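Data block below; observations after.
The values are calculated or read from the model by the stated rules, or taken from the named source; none is laboratory data. What you see is a predicted model; the values in this text were computed from it and never measured. Every residue, glycine as well, gets a Cβ built from its backbone with ideal geometry; the counts of neighbours run over all protein chains shown.
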Amino acid sequence: MKRLFHGWTMVGAGSLMQFVQGTLLLQAFGAYFAVLREDRGWSKTELSGAAAMHQLEAAVLGPVLGWFLDRFGAEWVIRIGVIVFGCGFMLLSTIDSLLAFYAAFIMTALGASLCGFFPLNVALIRWFEKKRARALSTMQLGMAAGGLFVPLVAWALAAFGWRATAFGSGVAIIVLCLPLSFVFKHRPEDIGEVVDGIGSAAADPTSTAARDEQDGTRDFTAREALRTQAFWLLSLGHAFALLVVMAVNTHAITHMKEGLGYTIEAAAFVITLQTVAQLCGVGTGAWIGDRLDKRLASAGCMLGHSAGLLCLAYAVTPAMVVIYAVVHGFAWGLRGPLMQAIRADYFGRSAIGMILGLSFMIIVIGQVGGPMIAGVLSDITGNYRLGFTVLAVLAGLGSAFFLLARRPARPLR
């Protein structure tokens, strides 16, 4: 009986870890945002600052973490991250001031960075080539599925309070994710396998390694990637997409509660619908992502982000909120895994950790700018309409970055 390729075992473990992170932090932060605003009286700008610091921390950490991942692998980084992530939530349950909230959130965010999206993607990219988009999309199913449980987190916040919910989340993270972290291995060669599966690379003349041998080319170094137009265009396109994603994750529930008159539970149900659409997008990427023109698909998704956010900003009927959830959710699910896959396609695997880490210093424009623009303009105008409109227009214009991002010629040996 043929043994299962260990890369797919890593995909499964990564998907479960992304599910935990998506459920308890990334997709649930909007629910904490609304509850803390009501309980502590902090402004939207003050709370948005926590999300901004999370992303700034990831940007500063990115190049260092990328270098470490390329040199030593992701295994120990992920394990340490799980412990810090869980302890950060436990610390969050004890805070009584805005400064303490920032400190606890930075710790939580640091742990999430060390065991989350970035190191998990780098780990998988080293194990897959021809099935890269399928592997990354399948892992992202866990993150998307986490949104299905946002109503459960909202219920826990209402039933037990945010302190008990945060402490319980920290315990769950360590208990569930620490065993999964031991599944990850640095390279397939370390356990007698090869990229994409046992025996596949040696027998496949169309693999990157075989093509490089024939035409005398090699993977990009991080410095060479920085000199290409594609690196900057892909990074800016990714940043403009995250203007919408991060703004929605932070402010959508509060907008639906304060601007549209929804209860927290009803707003969480809309996020669940968005998550179903996101799952459909991720599933589509897993099915046909390796056959798509990733550049054109990403540009189309940017228009979906823009249209969806405009529907939410100007919603006057439930149907417009549903359109937002479906269009934005599908675009997010399809585009998300393609961001890492297209970089690996363009620049190769050898320095992918450092290349992704450096790109985070540009992506942070969207990660910080989205929540802050929406929060500040809402505090000034009294609602989210202007902030959401500005972000939607920027996302639509950002589609041009992907259209212009042509694959660079590979460097010679």
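Quick notes on this structure:
- Some residue of the range 147-162 being modelled with pLDDT of 90 or more and either in contact with a His (Cβ under 8 Å, 6 or more places away or on another chain) or part of a loop (DSSP other than H, G, I, E, B) (or both): yes
- Here I174 passes the criteria (1) in a loop (DSSP other than H, G, I, E, B); (2) at pLDDT 90 or above except the one numbered (1).
One line per residue, one yes/no per condition, for (1) of a type outside the set (S, T, Y); (2) in a helix (DSSP H, G or I); (3) at pLDDT 95 or above; (4) closer than 19 Å to A50 by Cα:
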| position | (1), (2), (3), (4) |
| --- | --- |
| S350 | no, no, no, no |
| S359 | no, yes, no, no |
| G369 | yes, yes, no, yes |
| G387 | yes, yes, yes, yes |
| F402 | yes, yes, yes, no |
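- Residue match in the range 299-312 (condition: in a helix (DSSP H, G or I) and more than 17 Å from V244 (Cβ to Cβ)): no
- Q278 crowded, with 24+ Cβ neighbours inside 10 Å, in contact (Cβ under 8 Å) with a residue 24 or more places away in the chain and under 25 Å from R37 (Cα atoms): no
- Residue in the range 283-296 that is closer than 30 Å to E46 by Cα, at pLDDT below 95 and assigned to a loop (DSSP other than H, G, I, E, B) present: no
- Qualifying residue in the range 199-206 (condition: under 28 Å from the mean Cα position of the chain (by Cα) and either modelled with pLDDT under 80 or crowded, with 18+ Cβ neighbours inside 10 Å (or both)): no
- Residue within the range 384-403 that is free of Cβ contacts under 8 Å to residues at least 12 places away in the same chain, over 20 Å from the mean Cα position of the chain (by Cα) and on the phi < 0 side of the Ramachandran plot present: yes
- Scope the range 236-274; condition in contact (Cβ under 8 Å) with a residue 40 or more places away in the chain, polar (S, T, N, Q) and farther than 21 Å from A144 by Cβ; matching residues: T254
- Members of the range 289-347 that are hydroxyl-bearing (S, T, Y) and buried (at least 20 other Cβ atoms within 10 Å of the Cβ): S298, S306, Y324, Y346
- Meets criteria (within 19 Å of A31 (Cβ to Cβ), crowded, with 18+ Cβ neighbours inside 10 Å and not β-branched (V, I, T)) for G66: no
- The listed residues are W162, W155, and the only one of them that is among the hydrophobic types (A, V, I, L, M, F, W, C), within 20 Å of T94 (Cβ to Cβ) and in contact (Cβ under 8 Å) with a residue 60 or more places away in the chain turns out to be W162.
- Any hit, the range 81-103, residues being at pLDDT below 90 and crowded, with 24+ Cβ neighbours inside 10 Å: no
- Test result for V322, part of a helix (DSSP H, G or I) and either at pLDDT 95 or above or out of contact with any His (no Cβ under 9 Å at 6 or more places or on another chain) (or both): yes
- Qualifying positions in the range 152-166 - over 20 Å from the mean Cα position of the chain (by Cα) and buried (at least 18 other Cβ atoms within 10 Å of the Cβ): A154, A156, L157, W162, T165, A166
- If the condition is being surrounded by fewer than 18 Cβ atoms within 10 Å (Cβ to Cβ) and of a type outside the set (S, T, Y), then the range 43-60 contributes E46, M53, L56, V60.
- Test: residue in the range 82-100 that is among the acidic types (D, E) and touching a residue at least 24 places away in the same chain (Cβ under 8 Å): no
- Each residue in the range 1-52 was checked for being under 23 Å from the mean Cα position of the chain (by Cα) and in a loop (DSSP other than H, G, I, E, B), and 2 pass.
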